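Written below as structure tokens is the structure these notes are about.
The values are calculated or read from the model by the stated rules, or taken from the named source; none is laboratory data. Note that the structure is predicted; figures quoted are calculated from it, not measured. So basically every Cβ, Gly included, is an ideal-geometry build from the backbone, and we count neighbours across all protein chains shown.
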Amino acid sequence: MVVVRLDGELDLASAPLLESEMERPEVGAAARVVLDLRELQFIDSTGLRTIFTAQARSREREQEFAVTRGPEQVQRLLSITRLAEHLRIVDSPEQMLP
Amino acid sequence: MSVGREVGSSGMDLLVEAGAVLATSLDLPTTMSQVARLTVPRLADLCVIDLQAQDGSITEVAVAAGDQQLARDLESLRRRFPIDPGGEHPAARVIRSGAPLLLAEMSSSLLRSFAQGSEHARLMIEHDYHSAAVAPLQARGRTLGALSVLRLADGMPYGEADLALLSELARRAGLAIDNARLFSDLRGAEQRLEAVLVNLAEAITMEDESGRTVFANQAAADLLGVSAPEVLTGAEPGATSGRFLTLDEEGTELAPQDMPGRRLFAGEHPEPMLVRGIVRATGEERWLVVRSSPVVDSATKRITHVVNVFENITVVKRAELAESFMAEASRVLASSMDYTATLARVARLAAPQIADWCAIDVLTDDDEIERVAVHHTDPDKLALLERLDREYRPRTDDPVGIAEVLRSGKPRLYADIKPDALADYARDDRHLELLRELGTTAVIVVPIVGATRAAIGTITLASGPTPRRLTRADLGLAVRLGRRAGTAVERARIYTERSRIAHILQRSLLPESLPEIPGMQVRALYSAAGELNEVGGDFYDVLDYDADRWMLVVGDVVGKGPRAAGVTALARHTLRAAAISGRSPSAMLETLHQALRRQPRGGDLCTVCLVTVRLSAGRTHLNVALAGHEPPLLIEPDGEARQLGRPGTLLGVIDPIKIAETAAELHAGQTLLMFTDGVTEAGRPDDALGSNGLRELCREAPSLSLQGLLERIERAAVERSGGYLHDDIALLALCVSVQPTAER
């Protein structure tokens, strides 16, 4: 399992960072990928799109994909956009272990 | 004089003569041989002076003899086989004891006993050394050496009286030798000091109280622009400082009495001083740290001289000034998009900091040279420059100067401008007259280089009529300034162009006017982020799509720039088409979602708040559909606000989407407020307005007109953002007009 920990802001400016992180060999080789959003201070719709791009990439690789529950602003945007319904959300990466 | 009686009259003569001879020389070898010669032949056949060096060895020797060959041989022996200071040689014994020694009769075995080797023994025996007297040479309580007199073969043996006379002679000779030695040490020290000073890289001068330079090294001569130190030491007091225009760090002229050297004589204790010197003859500029130290006469405690050390820090100082100037210029150039105003500030910075005057010209679209900024440190001369520009503006076909630099793109230095050159450059006599009046001594013209590397303008820096003289050393800084200005001008031009396009585009994306809804008021407000330099992603629209139905939309397309503008247009027109074809709000949003998903590049997304309004029997029915957007607020007559609608999926990201429709009725006195997240996120991350902040603002709604409410919200968002919106905001509001709308 690979945990990609995000902190700071996930927006137009930082989205490429996550995209390149997803292409690292160790991420590509893992059976499970968890984006850890717990330290994320802010996300906007570009940031959300990047999470779904990451999810799509994982599905191509037949990996299990999940995100951890983020702080209030992150959760609020996930619920306003109803995108939470399309994600597996866990409380901590350990929950993903078999 | 007791000694006089003992030494007898011939002895007296000797001592008198000794006094006279010894006073004449301060040269040690001369003094030594004079002493030795005094004794031969009156007192001795052979006289030897042995001196002890500081390391204890007995190396210095002077010999006098009636037999010149003997004198030479003995001297040579002494050099090859010096006397052992700890040995039995009578001179060594006397030097050790400090007491005179009489060897009245010397046997060959005695001679052998103190001989410094067989050659010495042979010499002594061959020449029949017979009688000897040795006296210590003393001065200042120390024994310097020994004075030995000898009689050979059948000479009369020395007695006590001879020893007394010899001792007296030795006492005087000791003082003379000591003086000569001291003088020689002093001379040596002086020569060493002078050798050090002459070779030092630092410029050093020594001046006396009158201000006359009594010493200068070559570095000082170089620094002051003269060929040799002698030019300085031969000059009248004050003439040296006259070669320099001396300024302090701020550029105020300094008088000679301000300099540390003169201040020392005035009884002050000056700190090292940083001065800017300009060589009057050449205009060369030098930055110097001047340190002065007093030379105090130990007897009178008065300052007799002052030593000045000039440390040349021109290279360091120029680099420092260049850096600080470039930093300031860069700050000015980055401060505003109004490049004309910015360049004017740069010109004011350049003169006086790096030039006496500065002009900035650009090449216009019509291929003409246009002066955009000019400054001179002297206001009268500035007027002259302005007049020159009016009457004799440079032309693109001029062979030299600005036009040439624009053509070649290469920096030019016109150093040391001669009257002839001006005459060649001037177009007529009047032009020449004005140029002469300007008194320019040197000019640097550098290109303002744009992104394409072509010169889009020039910066002219010039010196004169002040003593400042621009040189090759100033070229580098000027070139950097030109490059930096190029970036700024280019950026400003692109910005201006982009602003203009963005403004036109923005207008095309938003409705020019809002349709009337009978019995209702509709108001919209749009405010773009920053200085309207990019097309924002927010949009709003109001459409009457059926007899009694209207569509109100507020949306946010992700991203900025041309691509977002394209998606904005797509969103507006798709929703319009969907509305006209009679679809429900959720179906309208589904249509837009599919349109976004079909976009060739993919990844375009959009949030929408869509409200349909249906008027029926005096009632206003609302249907709210949200797609990833903040729910609108329904503001009650008392200012209390609540959210309307349920979350729906963000469009363009993922299938399937779920959109809920929420029906509501808008009553008289209530207000519907639709907004984008630029409002709630204003002031993020430290102090975001937030949903709560927006609801608080809504409490002021009862006392405001509908337009007033929107403006109040916009103002709050701008204030939260520190006076500068970082994201666009779009607001759309609807309320029922109650009778005439006087109360609202």
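Scan the stretch A:81-98 for residues that are among the hydrophobic types (A, V, I, L, M, F, W, C) and either in contact with a Lys or Arg (Cβ under 7 Å, 6 or more places away or on another chain) or more than 14 Å from every other protein chain (Cβ to nearest Cβ) (or both) and the total you get is 4. Restricting attention to the stretch B:694-716 and to residues that are without any contact (Cβ under 8 Å) to a residue 24 or more places away in the chain and closer than 13 Å to B:THR680 by Cβ, the residue that is surrounded by the most Cβ atoms within 10 Å (Cβ to Cβ) turns out to be B:LEU697. If you go through the stretch B:647-675 one residue at a time, how many are away from chain A (no Cβ under 13 Å), out of contact with any Leu (no Cβ under 6 Å at 6 or more places or on another chain) and crowded, with 20+ Cβ neighbours inside 10 Å? Number of matching residues: 1.
Taking the criterion of being in contact (Cβ under 8 Å) with a residue 40 or more places away in the chain, part of a loop (DSSP other than H, G, I, E, B) and basic (Lys, Arg), no residue of the stretch B:355-397 qualifies. Among the residues here, B:PRO229 does not qualify as more than 22 Å from B:ARG469 (Cβ to Cβ), surrounded by 14 or more Cβ atoms within 10 Å (Cβ to Cβ) and in contact (Cβ under 8 Å) with a residue 40 or more places away in the chain. When B:VAL289 is tested against (1) at pLDDT 85 or above; (2) in a helix (DSSP H, G or I), exactly one condition is not met: (2). With respect to the conditions (1) under 60 Å from the mean Cα position of the chain (by Cα); (2) assigned to a helix (DSSP H, G or I); (3) at pLDDT 90 or above, B:ALA587 falls short on a single one, namely (1). Exactly one residue out of B:LEU634, B:LEU610, B:LEU615, B:LEU575 is aliphatic (A, V, I, L, M), assigned to a strand (DSSP E or B) and free of Cβ contacts under 8 Å to residues at least 40 places away in the same chain: that is B:LEU634. Can we say A:ARG5 is basic (Lys, Arg), within 14 Å of chain B (Cβ to nearest Cβ) and without any contact (Cβ under 8 Å) to a residue 40 or more places away in the chain? Here the answer is no, as A:ARG5 does not meet what is asked. Under the condition of being farther than 18 Å from B:PRO631 by Cα, of a type outside the set (Asp, Glu) and in contact with a helix residue (DSSP H, G or I) (Cβ under 9 Å, 6 or more places away or on another chain), the residues counted in the stretch B:722-735 number 3. The residue of the stretch A:28-67 that is nearest to B:VAL558 (Cα to Cα), among those that are part of a helix (DSSP H, G or I) and away from chain B (no Cβ under 12 Å), is A:ALA54.
If a residue has to be out of contact with any Asp or Glu (no Cβ under 7 Å at 6 or more places or on another chain), buried (at least 18 other Cβ atoms within 10 Å of the Cβ) and not in a loop (DSSP other than H, G, I, E, B) to count, how many in the stretch B:247-262 make the cut? Number satisfying all stated conditions: 2.
Filter the stretch B:444-496 for residues that are surrounded by fewer than 17 Cβ atoms within 10 Å (Cβ to Cβ) and among the small types (Gly, Ala, Ser); which is modelled with the highest pLDDT? Taking the candidates together, the pick is B:GLY476. One residue stands out in the stretch B:578-631 among those that are within 12 Å of another protein chain (Cβ to nearest Cβ) and of a type in the set (Val, Ile, Thr): the one that is nearest to B:GLU661 (Cα to Cα), namely B:VAL608.
Across the stretch B:549-598, the number of residues qualifying as of a type in the set (Asp, Glu) and closer than 24 Å to B:LEU525 by Cα comes to 1. Being at pLDDT 75 or above and either in a helix (DSSP H, G or I) or among the acidic types (Asp, Glu) (or both) is the filter; apply it to the stretch B:497-519 and report the residue that is surrounded by the most Cβ atoms within 10 Å (Cβ to Cβ). Filtering first and then ranking leaves B:GLU516. A residue that is over 20 Å from B:ALA473 (Cβ atoms) and aliphatic (A, V, I, L, M) occurs nowhere in the stretch B:314-322.
Would it be correct to say that B:GLY678 is among the small types (Gly, Ala, Ser) and either in contact with a Phe, Trp or Tyr (Cβ under 7 Å, 6 or more places away or on another chain) or facing chain A (nearest Cβ under 10 Å) (or both)? Don't jump to the end; show me each part of the working.
On the way: among the small types (Gly, Ala, Ser): yes; either in contact with a Phe, Trp or Tyr (Cβ under 7 Å, 6 or more places away or on another chain) or facing chain A (nearest Cβ under 10 Å) (or both): no.
No: the conditions fail for B:GLY678.
For the stretch B:698-710, the criterion of being more than 9 Å from chain A (Cβ to nearest Cβ) and farther than 17 Å from B:CYS735 by Cβ is met by no residue. When the stretch B:76-91 is limited to residues that are over 14 Å from B:GLU60 (Cβ atoms) and among the hydrophobic types (A, V, I, L, M, F, W, C), the one that is surrounded by the fewest Cβ atoms within 10 Å (Cβ to Cβ) turns out to be B:PHE81. I'd like the full set of residues that are at pLDDT below 90, within 23 Å of B:ALA478 (Cα to Cα) and part of a helix (DSSP H, G or I), limited to the stretch B:415-443. The answer is B:ALA421, B:LEU422, B:TYR425.
Could you tell me whether the stretch B:553-568 includes any residue that is modelled with pLDDT of 85 or more and assigned to a loop (DSSP other than H, G, I, E, B)? Checked the stretch B:553-568: no residue is modelled with pLDDT of 85 or more and assigned to a loop (DSSP other than H, G, I, E, B).
When you check A:LEU78 against the structure, is it among the aliphatic types (A, V, I, L, M) and away from chain B (no Cβ under 14 Å), yes or no?
no
Pairs meeting the criteria (first residue in the stretch A:65-85 and within 15 Å of A:ASP11 (Cβ to Cβ), second residue small (Gly, Ala, Ser) and part of a loop (DSSP other than H, G, I, E, B), beta carbons under 7 Å, at least 6 apart or on different chains) are A:THR81/B:GLY628. In the set (1) in contact with a helix residue (DSSP H, G or I) (Cβ under 6 Å, 6 or more places away or on another chain); (2) at pLDDT 90 or above, the condition left unmet by B:VAL94 is number (1). For the stretch A:1-17, the tally of residues that are outside any loop (DSSP other than H, G, I, E, B) and touching a Gly at 6+ places or on another chain (Cβ under 8 Å) stands at 3. Restricted to helices (runs of 4 or more DSSP H) entirely inside the stretch B:637-744, those with at least 1 residues that are touching a Ser or Thr at 6+ places or on another chain (Cβ under 7 Å) and at positive phi are B:690-698. Remark: pairs (first residue in the stretch B:120-137, in contact (Cβ under 8 Å) with a residue 12 or more places away in the chain; second residue of a type in the set (Val, Ile, Thr) and surrounded by fewer than 19 Cβ atoms within 10 Å (Cβ to Cβ); Cβ separation under 6 Å; 6+ apart in sequence or on different chains) = B:PRO136/B:THR143.
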